[in-house]
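Asker: Please read through the structure below; I'll follow up with questions.
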Amino acid sequence: MAKRKITIKDLRRFKFVSDPQISPDGAKVAFVLSTINHKLDRYERHIWLVDTGSGKASQFTHGIGRDTYPRWSPDGRSLLFLSSGRDPDEKKAQLWVIPRAGGEASMAAKTDEGVSKPAWAPDSKALLFLSKVWTHGKPESDVKVVKRIKYKLNGVGTFEGRRTHLFTARPGRKPRQLTEGEFDVESARWAPDGKRIALVTNMEEDADTSKVRDIFLVPSRGGELAKLTESKHVISDLSWSPDGERIAFIGHDKPEGFSINNDLWVMAADGGEKRNLTEEFDRSLGVGIGCDVRVSAPNPGAVWSPDGGELYFVTASTPHANIYGVGAQGGPVEEIVAGKTVDSFSLSGDGSVFAYNALDATHPAEIWVKDGAGERRLTGFNDRFLRGLELSVPEHFTFRNGLGDEVDGWIMKPPGGKKGDRYPALLEIHGGPRGVYGDGMFHEFQILAAEGYAVFYTNPRGSAGYGEDFAEAVMRHYGECDYEDLMLFTDEALKRFDSIDVERLGVLGGSYGGYMANWIIGHTHRFAAAVTFRCVSNWVSKFGVSDIGYVQPEAISGTKDYWDDILMHLDRSPIRYVKNVKTPCLVIHSEDDLRCPMEQGEQWFVSLKLNGVPTELIRFPDETHELSRSGKPKHREERLQHTVRWFNKYLKETGG
């Protein structure tokens, strides 16, 4: 069968496999399969099961609901999941339970604001979950009264007056709220005895501006919260040892620092001394490899072996994201699953089978298992579709940055090219800055390669996947070492690959990558065209309008006092150098972006326009910061159409 080049419309044909959850007996893996309904311009999601022995996969939930977050009961008889739209009048995600044997699902719990992060009790009879509640009653007016600085979040919107609290319920009965007050419960886990629940929160008045999080205990029937930690750690998740004697958590003990590694810690269940098990590992736990054809799964955090002797976790170490194990008493960190990009995983009840979903640069995620017989892939939802495509396979190479570090880079050449061909080339820049490129598939990169562009990309200082010092290097040095690395990388690519036409270079990136695209064209004219997505153009104005703007000043200038160092923020802003820009620049932004708000793109566009630089502003309504990864399917396609159009105009039609 003759192969063809990938197209923008092929986005509709991808199937996205996520959140693998193995049954306690290791026989089945439940997972979420997401597909695109182009006609209705939405994603459809259902729970599927695959047999770990035969590899036979079958759809488990049906109907019009969007079903996610499958979790097996400890006895293996039932599966809980979240669903929105299953009831036509219910748009928020509510909690449902379905027997393992199949049949009708029943609603297990419902709240006005929807359910998140549910978990079974050890006896498989009760559930816990989180839900937002109005701390002072739901207002009768639509006027928003804002009293706390953290009142909005990209992808969520505004939530003034509502806080996330812990609930328990028995299926079908009215839920019981266990916590209340002006604080947010961020995660919660049952103790193995079912009598206690450990949770992560900050109950202090400075919770919105502090990174500190603590672990508390609450009786599962309700009661006073007992604090176990001493407000010295940044904690993102926790898990109990099987015997209930210890608690593991992910985090660090440098709350005033930036780009600090998240490590794996263990302490006694009643508090006391905390032991860092991954201090020598020098990777930040929970980091993933970049990809735009993926539905991200909840990170499993620290997973205990059934005997309590080991802990497992997943994180990126360029170019892959691996599953690692470490002894609960310390020792070397060892690779359990390596050589591919793992997104999430789970462990069978006896610890003999790992289930995970993994991807690479030319394949979206599929379900895999590892047991005594080795590793094997169970699903191949995208195989037939991919067999008909001529994809570009990334070529790996390295370069030396300004400190002499050896850093990974890749180039994707147009498929079907011949010796002697010369191509326009595009430098792609990831977000973060703590993002990381590696062995992950990008539909965007494949589209640009199919359009005749060489696409090259790397991990400048500030990226994850190389260690804490590497990630922290960009803090207080935005636009310095990162810019140097990207220019050195571009030099190396041009030296290595004479097929690149040096007169037809383009640059593009999103979020922090959009910031760098703006910064680059304000400091060099070597690029003939640029596209900036969901960008930062002005740190001064971003401070007061971004959902995280108020916590960023020290990372930019080195001081917490934004007003005393406002000129430093301006000096680190691309808008400061806009008069230097000659490069035609397309600005693509989402109107509901609360991370890099719409005004950032507007300022850049207006400034370019006033300075006579060829530019356009593409505004996407009803989209957030996540447009390129989880936006409405038709908008995702149109975003790529504008990108290709712009580069074709300035790198092909005009010759650079």
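Asker: If you go through segment 476-485 one residue at a time, do you hit one that is buried (at least 24 other Cβ atoms within 10 Å of the Cβ), in contact with a strand residue (DSSP E or B) (Cβ under 9 Å, 6 or more places away or on another chain), part of a strand (DSSP E or B) and touching a residue at least 60 places away in the same chain (Cβ under 8 Å)?
Answerer: The answer is no; no qualifying residue exists.
Asker: Looking at the structure I just gave you, is ASP270 surrounded by 14 or more Cβ atoms within 10 Å (Cβ to Cβ), at pLDDT below 95 and not basic (Lys, Arg)?
Answerer: In short, no.
Asker: PRO255 passes all but one of (1) modelled with pLDDT of 95 or more; (2) within 30 Å of VAL545 (Cα to Cα); which number fails?
Answerer: Evaluating PRO255 over (1) modelled with pLDDT of 95 or more; (2) within 30 Å of VAL545 (Cα to Cα) leaves (1) as the failure.
Asker: A further question on this structure: May I ask you to list the residues in segment 500-549 that are of a type in the set (Gly, Ala, Ser) and not in a helix (DSSP H, G or I)?
Answerer: GLY506, GLY509, GLY510, SER511, GLY522, ALA528, ALA529, ALA530, SER537, SER546
Asker: Considering only segment 404-419, state which residues are of a type outside the set (Phe, Trp, Tyr) and either in contact with an Asp or Glu (Cβ under 8 Å, 6 or more places away or on another chain) or touching a residue at least 40 places away in the same chain (Cβ under 8 Å) (or both).
Answerer: Within segment 404-419, ASP405, VAL407, ASP408, GLY409, ILE411, MET412, LYS413, PRO414, PRO415, GLY416, GLY417 qualify.
Asker: List every residue pair whose Cβ atoms lie under 9 Å apart, where the two residues are 6 or more positions apart in sequence or sit on different chains, the first residue falls within segment 350-376 and is assigned by TED's automatic domain parsing to the domain that holds TYR324 and over 15 Å from SER18 (Cα atoms), and the second residue, located anywhere, is small (Gly, Ala, Ser) and assigned to a strand (DSSP E or B).
Answerer: Close Cβ pairs (under 9 Å, with a partner that is small (Gly, Ala, Ser) and assigned to a strand (DSSP E or B)) amount to LYS370/ALA355.
Asker: So which of THR164, THR209 ends up being among the polar types (S, T, N, Q), within 26 Å of VAL545 (Cα to Cα) and either without any contact (Cβ under 8 Å) to a residue 60 or more places away in the chain or not in a loop (DSSP other than H, G, I, E, B) (or both)?
Answerer: After ruling out the rest, the residue left standing is THR164.
Asker: Pairs, please: C-beta under 9 Å, at least 6 apart or cross-chain, first residue assigned by TED's automatic domain parsing to the domain that holds TYR515 and in segment 550-563, second part of a loop (DSSP other than H, G, I, E, B) and modelled with pLDDT of 80 or more?
Answerer: From segment 550-563, no pairs qualify.
Asker: Could you list all residues from segment 607-656 that are surrounded by fewer than 16 Cβ atoms within 10 Å (Cβ to Cβ), touching a residue at least 60 places away in the same chain (Cβ under 8 Å) and among the hydrophobic types (A, V, I, L, M, F, W, C)?
Answerer: none
Asker: I would also like to ask the following. Could you list all residues from segment 363-379 that are surrounded by 15 or more Cβ atoms within 10 Å (Cβ to Cβ) and either part of a loop (DSSP other than H, G, I, E, B) or polar (S, T, N, Q) (or both)?
Answerer: Answer for segment 363-379, where residues must be surrounded by 15 or more Cβ atoms within 10 Å (Cβ to Cβ) and either part of a loop (DSSP other than H, G, I, E, B) or polar (S, T, N, Q) (or both): LEU378, THR379.
Asker: Just give me the residues in segment 330-374 being hydroxyl-bearing (Ser, Thr, Tyr), touching a strand residue (DSSP E or B) at 6+ places or on another chain (Cβ under 7 Å) and more than 27 Å from ARG71 (Cβ to Cβ), in sequence order.
Answerer: Hits for segment 330-374: nothing passes.
Asker: Sticking with this one: Determine whether ASN276 is buried (at least 19 other Cβ atoms within 10 Å of the Cβ) and farther than 25 Å from THR135 by Cα.
Answerer: no
Asker: When you scan segment 18-80 for strands (runs of 3 or more DSSP E) that lie fully inside it, which ones turn up with 3 or more residues that are not aliphatic (A, V, I, L, M)?
Answerer: The strands (runs of 3 or more DSSP E) meeting that bar are 28-37, 42-51, 66-72.
Asker: If you take the residues of segment 146-180 that are among the small types (Gly, Ala, Ser) and modelled with pLDDT under 95, which of them is surrounded by the most Cβ atoms within 10 Å (Cβ to Cβ)?
Answerer: Ranking the candidates gives GLY161 first.
Asker: Restricting attention to segment 189-205, and to residues there that are in contact with a strand residue (DSSP E or B) (Cβ under 9 Å, 6 or more places away or on another chain) and closer than 18 Å to VAL303 by Cα, which single residue is surrounded by the most Cβ atoms within 10 Å (Cβ to Cβ)?
Answerer: ILE197
The values are calculated or read from the model by the stated rules, or taken from the named source; none is laboratory data. Owing to the predicted nature of the structure, the values given are computational and were not obtained by experimental measurement. No Cβ is skipped: glycine too gets one built from the backbone with ideal geometry, and neighbour counts run over all protein chains shown.
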